[in-house]
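Here is the structure we will look at.
The values are calculated or read from the model by the stated rules, or taken from the named source; none is laboratory data. Nothing here was measured: the structure is a model prediction, and the numbers come from that model. Cβ placement follows ideal geometry from the backbone for every residue including glycine, while neighbour counts extend to all protein chains displayed. Surface accessibility is based on the protein's heavy atoms, side chains included, excluding ligands, DNA and RNA. Shrake-Rupley method; radii C 1.70, N 1.55, O 1.52, S 1.80 Å.
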Amino acid sequence: MIELYYDSFDLACIIHSLDMGIKTASIMLEKIWKEDNQYLSPFYRTNLRQLYLDVHYWTDYLCDKPVIDKEFPAVQKDFHSFGKDVEEAAFITDYFDIDLFFKMKRVQILYLDGQDYVRMKLRTLLKAYGYKRRTQELLKYLRECMMFYHMQTYLRGKEECDIGEIGLDEMITIRVI
């Protein structure tokens with residue numbers, strides 16, 4: 001479950017994806033640190049300054065990702081000259097795992113939009129992450145994420161629903177409970 005905690009990279013992805021300004025991002029980070037601390041990676045729970053620094057580091061990376069990724073061979077060569085090694089996955093990465101969707105929606109609902117829900121088709125969610133159908137493993141993971149982030153899905157009329165039992169083209173509403 002440790003991967004479900006917000007870390008600096010996740011928060012940077014949210015900031016980058018929503019094209020937030022520095023002031024809005026800083027306010028959001030402080031609110032998360034104060035009000036949603038139990039969802040933060042344990043490393044950041046007592047150190048707001050380190051959270052700011054790491055999030056801004058990753059935000060800068062994401063803003064200029066293609067150029068920085070091209071420099072990876074030079075960085076790797078420098079590491080080798082010092083007798084160190086750096087994994088390519090740690091330097092060059094594409095973000096957006098499905099758990100990031102839930103992190104982003106929780107942050108939007110609680111701290112940004114002023115709207116207490118998100119509406120979308122289940123098919124849209126699955127398609128955005130490369131899934132065409134719901135497997136039992138995927139449904140189990142989606143339910144774990146929703147339980148961890150205290151989220152619930154509803155159909156029209158605030159009727160609770162299970163994402164495993166509704167049609168792919170049903171419009172669902174996601175709320176933080």
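When you look at F9, is it part of a helix (DSSP H, G or I), more than 17 Å from Q108 (Cα to Cα) and either in contact with a Lys or Arg (Cβ under 6 Å, 6 or more places away or on another chain) or not polar (S, T, N, Q) (or both), yes or no? When the stated conditions are applied, F9 does not pass them. Looking only at residues of the stretch 17-31 that are open to solvent by less than 60 Å² (accessible area, probe 1.4 Å) and part of a helix (DSSP H, G or I), we find that the one that is nearest to L62 (Cα to Cα) is S17. When the stretch 96-115 is filtered for residues that are at pLDDT below 90 and either open to solvent by 30 Å² or more (accessible area, probe 1.4 Å) or β-branched (V, I, T) (or both), the ones remaining, listed by number, are F96, D97, I98, L112, D113, G114, Q115. Assess whether I14 counts as being of a type in the set (A, V, I, L, M), modelled with pLDDT of 90 or more and within 14 Å of R106 (Cα to Cα). So I14 passes the test. Screening L155, L138, L122, L168 for residues that are open to solvent by less than 60 Å² (accessible area, probe 1.4 Å), closer than 17 Å to D97 by Cβ and not acidic (D, E) leaves exactly one candidate, L138. Among the residues of the stretch 28-41, the ones that are free of Cβ contacts under 8 Å to residues at least 40 places away in the same chain and touching a Phe, Trp or Tyr at 6+ places or on another chain (Cβ under 8 Å) come to 4 in all. Inspection of the stretch 47-60 identifies at least one residue that is in contact with a helix residue (DSSP H, G or I) (Cβ under 6 Å, 6 or more places away or on another chain), within 15 Å of V107 (Cβ to Cβ), buried (at least 19 other Cβ atoms within 10 Å of the Cβ) and of a type in the set (A, V, I, L, M).
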